[in-house]
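Student: After the structure tokens below, expect a handful of questions from me.
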Amino acid sequence: MKILIIQQKMIGDVLTTSILFEALKAEHPDAELHYVINSHTFPVVEHNPFIDKFLFITPEIEESRAKFLSFLKEIKSENYDAVIDVYSKLSSNFMTKFSGAPIKISKHKWYTRYYYTHTFKEATVAQTNAGLAIENRLQLLEPLVKEIPEPIRPKIYLTNEEIETAKQFLSDSNINLSKPLYMISVLGSGDNKTYPLPHMAKVIDFVVAKTKAQILFNYMPKQVDEAKTVYNFCNSETRKHIFFDVFGNGLRAFLAITHHCTALIGNEGGAVNMAKALNVPTFTIFSPWIIKEAWNMFEDGQRNVSVHLKDFNPEIVDNSTSKELKDNYKSLYELIEPSLFFKELETFLNYN
């Protein structure tokens, strides 16, 4: 049996969907499993032992009809027995159709019955602490898998060399790994997923005051100015604990550095999902417009904890549309004062 799984979009999505491969291999150990992903997301699934082949969507393929058509022909030539299209976008609809696979699986949308043999409506209430992002993906396996292995969760596979190289790098950067080391996800992927910078600085001040820990910042290179702003908002004592220039050279280096951290604290997004996949504890601050129940994977109140506007002002969230929440994210973010969750954060720090 040859199966193709299609997951376009962001790093967190690609990592989360990787659970499907482990479940498929558990029941079909001889199956050949291929994964269509955007090329920049590859580092989070590199060395995954359950994935046999990757098909990469590059920027060139996205920008050229001719190259996209060539990519479709490559998919068709594989003669897949089944395709699982996780998000059902227009481009993945074409991939699924061109595959010619007799079994085509995706989420339920008004048009998907024309393309797919099996569709599933997404649940809106999580049944386990795995969260909706996990549960809704696993139901896509129903036509192919009778029993999901437990427990199953996204995993990142680092090599021993990567782990040791990161350890040496941190040591050379005067970081003492026998003392607490926190990775701070200081910025989200965009403004509407970024906790206000002065608020974030107060969070970091609190962490240092309570733990005297060493602090690393995680941010994208294009966000360096905003990250520096957070640094400058921190008080002078906190800044002594921040190793601002200790930064991974590439995503795999970031993952290896995070592996050595006591915990990751900060904005919800790919960094949080990656930390969880490395079994590193997380304290997550959700944007007001993001559905917490979808992405608070494996929250247990101890190793994985999160906060959301709904925790403090549920009436605002319950009485607003998703568009209203997204449009007003700035003013709503301001309502999540750091002091509102300092008790939960202190409990998290003491536990981890």
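The values are calculated or read from the model by the stated rules, or taken from the named source; none is laboratory data. Values in this document were obtained by computation on a predicted structure and should not be read as measured data. All Cβ positions, glycine included, derive from the backbone under ideal geometry; neighbour counts span all protein chains shown.
Student: From ALA256, ALA209, ALA201, which residue is surrounded by fewer than 18 Cβ atoms within 10 Å (Cβ to Cβ) and farther than 27 Å from ALA294 by Cβ?
Tutor: Of the residues listed, the single one that is surrounded by fewer than 18 Cβ atoms within 10 Å (Cβ to Cβ) and farther than 27 Å from ALA294 by Cβ is ALA209.
Student: Of everything in region 212-243 that's at pLDDT below 95 and among the hydrophobic types (A, V, I, L, M, F, W, C), which residue is surrounded by the fewest Cβ atoms within 10 Å (Cβ to Cβ)?
Tutor: MET220
Student: Quick check on this structure: which one of PRO154, PRO149 is crowded, with 16+ Cβ neighbours inside 10 Å and either part of a loop (DSSP other than H, G, I, E, B) or not assigned by TED's automatic domain parsing to the domain that holds ALA213 (or both)?
Tutor: PRO154
Student: Would you call ILE336 surrounded by 15 or more Cβ atoms within 10 Å (Cβ to Cβ) and over 21 Å from VAL272 (Cβ atoms)?
Tutor: Criteria not met by ILE336.
Student: Out of the residues in region 69-97 meeting the condition of being among the aromatic types (Phe, Trp, Tyr) and crowded, with 17+ Cβ neighbours inside 10 Å, tell me which one is farthest from PRO143 (Cα to Cα).
Tutor: Within region 69-97, the subset among the aromatic types (Phe, Trp, Tyr) is 71, 80, 87, 94.
Remaining after also requiring crowded, with 17+ Cβ neighbours inside 10 Å: 71, 80.
Working: PHE71: 26, TYR80: 15 Å.
Only one residue fits best here, namely PHE71.
Student: Can you go through PHE21, PHE56, PHE71 and tell me which one is in contact with a strand residue (DSSP E or B) (Cβ under 6 Å, 6 or more places away or on another chain), hydrophobic (A, V, I, L, M, F, W, C) and either farther than 26 Å from PRO102 by Cβ or modelled with pLDDT of 95 or more (or both)? Reasoning before the result, please.
Tutor: Numbers: PHE56 fails: in contact with a strand residue (DSSP E or B) (Cβ under 6 Å, 6 or more places away or on another chain); PHE71 fails: in contact with a strand residue (DSSP E or B) (Cβ under 6 Å, 6 or more places away or on another chain).
It is PHE21.
Student: Yes or no: ALA133 crowded, with 17+ Cβ neighbours inside 10 Å and either out of contact with any Leu (no Cβ under 8 Å at 6 or more places or on another chain) or of a type in the set (S, T, N, Q) (or both)?
Tutor: Against the criterion (crowded, with 17+ Cβ neighbours inside 10 Å and either out of contact with any Leu (no Cβ under 8 Å at 6 or more places or on another chain) or of a type in the set (S, T, N, Q) (or both)), ALA133 qualifies.
Student: Now, a different point. What number of residues in region 292-341 are of a type in the set (Asp, Glu), touching a Gly at 6+ places or on another chain (Cβ under 8 Å) and assigned to a loop (DSSP other than H, G, I, E, B)?
Tutor: Taking region 292-341 and keeping what is of a type in the set (Asp, Glu), we get 293, 299-300, 311, 315, 318, 324, 327, 334, 337.
From the residues that got through so far, the ones that are touching a Gly at 6+ places or on another chain (Cβ under 8 Å) too are 293, 299.
The next check asks that each one be assigned to a loop (DSSP other than H, G, I, E, B); those that pass are 299.
Selection size over region 292-341: 1.
Student: Does region 258-276 hold any residues that are on the phi < 0 side of the Ramachandran plot, in a loop (DSSP other than H, G, I, E, B) and of a type outside the set (D, E, K, R), and which are they?
Tutor: HIS260, CYS261, THR262
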